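Asker: Have a look at this one before I ask anything.
The values are calculated or read from the model by the stated rules, or taken from the named source; none is laboratory data. Note that the structure is predicted; figures quoted are calculated from it, not measured. Virtual Cβ from ideal backbone geometry, glycine too; neighbours counted across all protein chains shown.
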Amino acid sequence: MRKLSLLWPLLALLAVACARNRVDVDRLVDNYAVVTIPAPDLTGITDNGKEVLRLYRKAADEVDNIYWRQNFGESEPFLNSLKKPSERLYAEINYGPWDRIDGKPFLPGYGRRPAGARFYPEDMTKNDFFAFDNPDKSSPYTLIVREGGALKTVWYHDAYAESIAKIEEYLSRAADVTIKESVRNYLLKMIEGLKTDDYYDSYQAWLEMNDSKMDLVIGPNEPVDDALYGTKASYGAYVLLKNLQRTEELNALSARMPEFQKMLPGDPANLTFVPGHESDIFSCDVLYCGGYPNAGYKVIGINFPYDAKVQKELGTRTIIFDNIIREKFNRTVHPVGAYLLEDVYQPHVDASAFYWLIVFREIAKGLGVKETINGKGTVAEALGTEALALEKAKSNVLGALLCAQEAEAYHISSLFQKEDVLTTFVTNTIRSTRFGAADPTGIANIVVYNYLLESKAIVWNPSGRYSIDYDKTWQALETLGAKILDIQAHGDIEAAREGLARYAVAGPESQSDKRVLERAGIPVDIRFDYE
């Protein structure tokens with residue numbers, strides 16, 4: 001009996017320890033507010049156009065299947081094994097058992113998310129990689145696998161052949177149905193790109209396709225999930241409907257891209273890049289998305305193509321997601337300002353300022369430095385896994401500067417002031433630190449937040465609320481923007497690593513903010529539900 005009496009306390013302690021380690025998945029699901037994407041108003045869209053949209057959505061679903069395999073593996077057996085609805089839902093949000101906010105597993109039986117996702121063998125060492133003599137190993141469009149113990153590359157079009165064949169079929173049928181020649185040309189070029197993993201011609205055709213009310217962005221575009229070498233592109237798809245009136249207003253900015261390039265801070269010797277002549281800006285509503293755009297927190301604008309050569313020779317397209325921006329502001333940005341800013345600053349958290357901040361952030365992605373000035377190749381090649389986080393931080397900072405400058409010069413039709421821009425930017429940066437440091441987007445926001453805090457541009461008060469010094473915020477943005485551009489221009493990977501090690505760590509202030517916002521029930525971000 002004595003042995004049993006000693007055993008019960010031990011079992012009780014073990015039960016308490018297990019309970020503490022158990023992840024509250026129901027709470028994690030609540031971090032993502034449900035946003036219903038309504039059936040679109042297709043007034044003025046022909047029956048052919050409606051069929052094209054249906055086929056775009058089918059293609060996006062197949063992209064989703066590829067992305068599951070890139071991030072985790074086959075989805076169906078994994079999801080069917082999860083009996084608790086909240087666990088299945090959170091796995092669908094994150095495309096696997098790992099929380100995209102902190103990279104940790106929320107299901108038992110899994111270790112941390114592999115840094116190389118499913119792009120590389122998990123047992124591949126850096127020595128293995130560098131000794132692997134294959135010119136295709138660093139292509140954005142190859143997997144590295146083991147065959148008989150040896151490493152080999154497999155092109156995406158071979159690795160995902162079954163899904164890609166289905167996507168090609170949907171795009172081919174859409175090309176047959178569409179009445180727009182530019183759309184047909186783009187779809188046929190994209191089919192060839194998917195077959196060969198050579199996307200230059202499809203990028204060109206996409207940039208030339210500017211007379212359609214609908215848009216499809218599809219394919220492996222950004223290296224968002226490769227935390228090992230920062231090269232492998234993840235599959236994604238956006239099905240979009242253009243806002244013609246607002247697009248006309250935004251496109252007036254396209255011709256000013258070279259001017260915006262000259263407005264950037266820092267050494268002019270770093271800023272020799274000239275944006276391509278085919279750059280344009282679209283305002284769209286997101287109708288549907290698949291793959292990485294649907295994983296975790298949602299992006300609110302894109303600037304593609306990501307390829308530096310294409311950006312230089314052809315330009316970029318900036319697409320602003322109107323409906324997602326509106327939902328994010330109402331559900332996350334504005335409430336964060338109400339809880340975490342001192343009262344005097346709260347009236348400056350402005351919906352129009354937020355919209356234009358996103359516009360200029362996406363414009364800034366097509367500006368700055370694309371090639372190093374000292375022969376180290378592209379910025380992505382020189383900075384490797386550090387490149388994307390720095391690029392995102394750069395775009396956040398320079399976008400805010402450009403937006404504030406344009407507001408001060410009354411070049412924007414909406415009525416808001418520089419103070420509105422800076423306050424809204426600070427608020428969005430504070431709330432975006434909740435994304436964590438598991439991927440480049442979260443890292444970039446933490447870096448900017450910590451730099452603002454260190455520069456006394458923002459002050460965390462004993463009340464748990466922030467004060468903003470507008471002059472210091474402006475100066476901090478100029479200084480940080482110039483520093484990042486200099487690192488990129490010189491391909492200074494040591495400086496990049498040092499800067500990220502110093503600033504990409506969530507401190508006590510942001511941890512306190514997180515607790516306050518969790519108690520208040522303010523979601524971290526949104527998730528989509530489609531009618």
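Asker: Report, by residue number, each residue of region 410-440 that is in a helix (DSSP H, G or I) and of a type in the set (Val, Ile, Thr).
Answerer: Val421, Thr423, Thr424, Val426, Thr427, Thr429, Ile430, Thr433 - these are the residues of region 410-440 that are in a helix (DSSP H, G or I) and of a type in the set (Val, Ile, Thr).
Asker: Continuing with the same structure: Can you find even one residue in region 265-282 that is under 19 Å from the mean Cα position of the chain (by Cα) and not assigned by TED's automatic domain parsing to the domain that holds Gly375?
Answerer: Checked against the condition, which is being under 19 Å from the mean Cα position of the chain (by Cα) and not assigned by TED's automatic domain parsing to the domain that holds Gly375, region 265-282 yields at least one hit.
Condition check ((1) modelled with pLDDT of 95 or more; (2) assigned to a helix (DSSP H, G or I); (3) polar (S, T, N, Q); (4) not assigned by TED's automatic domain parsing to the domain that holds Gly103) across all residues:
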{"site": "Leu13", "(1), (2), (3), (4)": "no, yes, no, yes"}
{"site": "Ile45", "(1), (2), (3), (4)": "no, no, no, no"}
{"site": "Asp64", "(1), (2), (3), (4)": "yes, yes, no, no"}
{"site": "Pro77", "(1), (2), (3), (4)": "yes, yes, no, no"}
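Asker: Being buried (at least 24 other Cβ atoms within 10 Å of the Cβ) and either of a type outside the set (Val, Ile, Thr) or not assigned by TED's automatic domain parsing to the domain that holds Leu390 (or both): is that true of Gly291 here?
Answerer: yes
Asker: Specify the residue that is surrounded by the fewest Cβ atoms within 10 Å (Cβ to Cβ); the eligible residues are those in region 70-104 that are out of contact with any helix residue (DSSP H, G or I) (no Cβ under 8 Å at 6 or more places or on another chain) and among the charged types (D, E, K, R).
Answerer: Lys83
Asker: If I ask for residues that are closer than 12 Å to Ile493 by Cα and either among the charged types (D, E, K, R) or assigned to a helix (DSSP H, G or I) (or both), which ones from region 353-394 would you list?
Answerer: Answer for region 353-394, where residues must be closer than 12 Å to Ile493 by Cα and either among the charged types (D, E, K, R) or assigned to a helix (DSSP H, G or I) (or both): Lys376, Val379, Ala380, Glu381, Ala382, Leu383, Gly384, Thr385, Glu386, Ala387, Leu390.
Asker: Next question, about the same structure. Do we have Pro462 as surrounded by 22 or more Cβ atoms within 10 Å (Cβ to Cβ) and modelled with pLDDT under 95 here?
Answerer: no
Residues are listed down the side, and each one gets a yes or a no for (1) out of contact with any Ser or Thr (no Cβ under 7 Å at 6 or more places or on another chain); (2) closer than 16 Å to Arg502 by Cα; (3) outside the structural domain of Trp356 (by TED's automatic domain parsing):
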position	(1), (2), (3)
Leu415	yes, no, no
Thr423	yes, no, no
Ile430	yes, no, no
Pro440	yes, yes, no
Tyr449	no, yes, no
Pro462	yes, no, no
Tyr470	yes, no, no
Leu480	yes, yes, no
His490	no, no, no
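Asker: Given the structure, is Phe425 buried (at least 24 other Cβ atoms within 10 Å of the Cβ) and farther than 16 Å from Ala506 by Cα?
Answerer: Against the criterion (buried (at least 24 other Cβ atoms within 10 Å of the Cβ) and farther than 16 Å from Ala506 by Cα), Phe425 qualifies.
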